[in-house]
1. Considering the zone a paramagnetic label at A:V3 would reach in this model (a point 7 Å from Cα along the Cα-to-Cβ line), which residues of the stretch A:78-114 have amide N under 15 Å from it?
2. Local charge sum around A:N100 (other residues, Cβ-Cβ under 11 Å, Lys/Arg +1, Asp/Glu -1)?
3. Could you state how much accessible area B:E17 has, in square angstrom rounded to the nearest 10, with a 1.4 Å probe and all protein chains kept in place?
4. Given 0.36 nm per residue, what is the gain on full extension from B:E5 to B:E53 after removing their alpha carbon distance, in nm?
5. What aspartates and glutamates could a cross-link reach from B:K56, if we take a straight Cα to Cα line under 13 Å and drop same-chain neighbours fewer than 8 places away?
6. Do any cysteines of chain A lack a neighbour Cys whose Cβ is under 4.7 Å away, and which are they?
7. If you count only protein heavy atoms and use a 1.4 Å probe, how large is the accessible surface of B:S28, to the nearest 10 Å²?
8. Roll a 1.4 Å probe over the protein chains and send me the accessible area per residue for the stretch B:1-95 in Å².
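The values are calculated or read from the model by the stated rules, or taken from the named source; none is laboratory data. Fair warning: this is a prediction, and the values are worked out from it, not measured in the lab. All Cβ positions, even for glycine, are placed from backbone atoms using ideal geometry, and neighbour counts span all protein chains on display. Quick note on the areas: whole protein, heavy atoms, side chains included, nothing else; ligands and nucleic acids left out. Shrake-Rupley method; radii C 1.70, N 1.55, O 1.52, S 1.80 Å.
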Amino acid sequence: SAVISQKPSRDICQRGTSLTIQCQVDSQVTMMFWYRQQPGQSLTLIATANQGSEATYESGFVIDKFPISRPNLTFSTLTVSNMSPEDSSIYLCSVAHWENTEAFFGQGTRLTVV
Amino acid sequence: SQQGEEDPQALSIQEGENATMNCSYKTSINNLQWYRQNSGRGLVHLILIRSNEREKHSGRLRVTLDTSKKSSSLLITASRAADTASYFCATANNRDDKIIFGKGTRLHILP
């Protein structure tokens with residue numbers, strides 16, 4: 001298993017500002033992912049965080065809006081830039097030790113943009 | 001993008017009954033996983049079934065996989081109030097290592 005610490009757990013932000021969410025894992029993991037979950041909806045993959053290189057973004061998500069860092073095998077950040085109310089959502093960090101294995105999730109960051 | 005479609009979208013059953021949720025997907029997969037999410041919390045991994053497996057059990061959970069029909073089912077036997085949650089299937093394909101989630105089933109166990 002893996003224990004994931006995601007910070008902050010929630011925040012209320014002004015539109016036009018940016019928020020950086022941190023994901024810390026208690027062990028080295030191969031795979032790290034960032035998801036968004038809007039109220040009452042399923043999880044949508046934003047990007048795969050690659051260690052030491054640029055993240056791989058899914059269709060509809062761009063680096064300028066959601067810059068991601070992954071400096072090592074246990075830590076990643078997701079920034080939500082120039083926020084608007086439409087960015088209000090839960091953002092979840094997920095990790096997997098190896099390819100094609102189960103994923104573990106943090107408790108998420110509940111973001112409200114006003 | 002979302003891969004799986006679960007049905008039903010919502011399910012209410014009496015405590016003690018069995019709950020069955022289905023998942024269909026579109027592309028070839030390496031494995032299929034089921035997760036549970038209690039309201040407002042993170043996801044908990046329940047079970048993983050590989051593409052070469054047809055059935056798997058874990059406690060009160062039984063998962064089947066039919067790769068010819070691109071579908072899976074999750075059966076929870078003897079349901080309990082604590083089983084009330086949203087259940088998601090998720091797939092990992094052969095091309096990349098992404099885990100893509102379906103839309104989920106909201107399960108409500110009535111006392």
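1. A:105-107
2. -2
3. 90 Å²
4. 15.2 nm
5. Excluding near neighbours in sequence, the set is B:D66.
6. So, A:C13.
7. 80 Å²
8. Averaged over the residues of the stretch B:1-95, the accessible area is 49 Å².
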